[in-house]
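Below is one structure, written out as structure tokens, with a few remarks after it.
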Amino acid sequence: MTKDISGLDLRRLEMCTADLHSLVDLQDKIIAGFKPDEQHFILHRTLDDFSNALKSDHMYVFGLFDKNRLVSQSILSLPGNNDKRELEEFAFQRPNEDLAVYKAVLVDPQYRGRGLMKRMLKIREEVAISAGRKLAITQIAADNPASWVNAIQYGMNIARVDYDPEDNAKVIYLQKSLDGSTDYNLDMSRPYVLSLGTDVHKNVPILFNKMMKLSNDGFVGTGWDKDNNSIVWYPRVEIRQPIDMMLKSDEYSK
Ligand SMILES: CC(C)(COP(=O)(O)OP(=O)(O)OC[C@H]1O[C@@H](n2cnc3c(N)ncnc32)[C@H](O)[C@@H]1OP(=O)(O)O)[C@@H](O)C(=O)NCCC(=O)NCCS
């Protein structure tokens, strides 16, 4: 166990009764705190699901502990080319061996706002890079801005906004290059600034429609403008549209 910069202890969890029960207990606590319309924010994993993740040869389950209490957990999947991988509908042009899939990160409500989610993004990124992975990918519910804003702040790009093919939920697909290469070139001369407004939770339905339109028009949400509470988007260069259409902000505010 290593003492982390967060002041907590960070370690990879193992297949043992104590770790298994800690994972289930933290998940249950978080689910119990969700409102009915937030239940889909995370997959509700069973004891068997956690047990399979702990036993898997390509999954890493990380935990942050305050003394013996698990206060944050996350899963990293590094699928092999012969494994069935998560998010098959996204980054399908890449072989599995290029990818690192970030799965549910959970933070105990009493420990939120202290950077623990970002810490979990960092540890998974470090492990993925050391395993030679080239692209990190994740999917986040559109109505969970606490999570996707955080991922953007951490340098992930919104590469697609869509409906989940399994349950039709509104979702955001994010990715981050881990080796400096890119899947697309962006036209940096044509930014589109999307304000999240003063109440991002309330604005989610409108934001989802705007982001899906941007995504369908070939834009990638690349950066976070903290001062203006906005996401900065750029068009992929291969997308050709009349320049006046691109610059018309109100095109996306309908
Ligand atoms: C989403 C979650 C993991 C964030 O964890 P966290 O440790 O509090 O996040 P961090 O401290 O690393 O980051 C804080 C940033 O997240 C964002 N954020 C966190 N809570 C937020 C909220 N309620 N509304 C909007 N943004 C929020 C903000 O951008 C904040 O940045 P700021 O401090 O500059 O304002 C946590 O709220 C959680 O466990 N939620 C329930 C489970 C869940 O939804 N998991 C994600 C599944 S994809």
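The values are calculated or read from the model by the stated rules, or taken from the named source; none is laboratory data. All of these numbers come straight from a predicted model, not from anything done at the bench. No Cβ is skipped: glycine too gets one built from the backbone with ideal geometry, and neighbour counts run over all protein chains shown. Note: accessible area is taken over every heavy atom of the protein model, side chains too, but ligands, DNA and RNA are not part of it. Shrake-Rupley method; radii C 1.70, N 1.55, O 1.52, S 1.80 Å.
May I ask you to list the residues in segment 91-114 that are within 23 Å of S130 (Cα to Cα), in a loop (DSSP other than H, G, I, E, B) and open to solvent by less than 30 Å² (accessible area, probe 1.4 Å)? If the condition is that a residue be within 23 Å of S130 (Cα to Cα), in a loop (DSSP other than H, G, I, E, B) and open to solvent by less than 30 Å² (accessible area, probe 1.4 Å), then A91 is the only one that fits.
Inspect all residues belonging to segment 79-87 and state whether any of them is more than 24 Å from Y154 (Cα to Cα), open to solvent by less than 40 Å² (accessible area, probe 1.4 Å) and in a helix (DSSP H, G or I). Looking through segment 79-87, none of the residues is more than 24 Å from Y154 (Cα to Cα), open to solvent by less than 40 Å² (accessible area, probe 1.4 Å) and in a helix (DSSP H, G or I). The set of residues in segment 173-195 that are modelled with pLDDT of 95 or more and either under 19 Å from Y102 (Cα atoms) or within 18 Å of the chain's Cα centre (by Cα) (or both) comprises Y173, L174, Q175, K176, S177, L178, D179.
Do we have any residue at all in segment 118-131 that's among the polar types (S, T, N, Q) and surrounded by 18 or more Cβ atoms within 10 Å (Cβ to Cβ)? Among the residues of segment 118-131, not one is among the polar types (S, T, N, Q) and surrounded by 18 or more Cβ atoms within 10 Å (Cβ to Cβ), which makes the answer no.
Screening I31 on (1) without any contact (Cβ under 8 Å) to a residue 24 or more places away in the chain; (2) more than 15 Å from the ligand (Cβ to nearest atom) shows it passes everything except condition (2). Taking each residue of segment 172-196 that is under 30 Å from A128 (Cα atoms) and part of a loop (DSSP other than H, G, I, E, B) and looking for partners that are open to solvent by 20 Å² or more (accessible area, probe 1.4 Å) and among the aliphatic types (A, V, I, L, M) with beta-carbon atoms closer than 7 Å, six or more apart or interchain, yields L178/I129; N185/V237; D187/V237. Considering only residues of segment 148-160 that are in contact with a strand residue (DSSP E or B) (Cβ under 7 Å, 6 or more places away or on another chain) and open to solvent by 20 Å² or more (accessible area, probe 1.4 Å), which is farthest from V204 (Cα to Cα)? This residue is G155. Can you work out which of the residues in segment 224-239 that are open to solvent by 20 Å² or more (accessible area, probe 1.4 Å) and within 14 Å of the ligand (Cβ to nearest atom) is nearest to V161 (Cα to Cα)? Among residues in segment 224-239 that are open to solvent by 20 Å² or more (accessible area, probe 1.4 Å) and within 14 Å of the ligand (Cβ to nearest atom), the one nearest to V161 (Cα to Cα) is W224.
Close Cβ contacts (under 6 Å, 6 or more residues apart or on different chains) running from residues in segment 73-94 that are without any contact (Cβ under 8 Å) to a residue 24 or more places away in the chain to residues that are open to solvent by 50 Å² or more (accessible area, probe 1.4 Å) and assigned to a loop (DSSP other than H, G, I, E, B) comprise N81/P95. Output yes when any residue across segment 115-133 is in a strand (DSSP E or B) and away from the ligand (no atom under 16 Å from the Cβ), and no when none is. No, segment 115-133 contains no residue that is in a strand (DSSP E or B) and away from the ligand (no atom under 16 Å from the Cβ).
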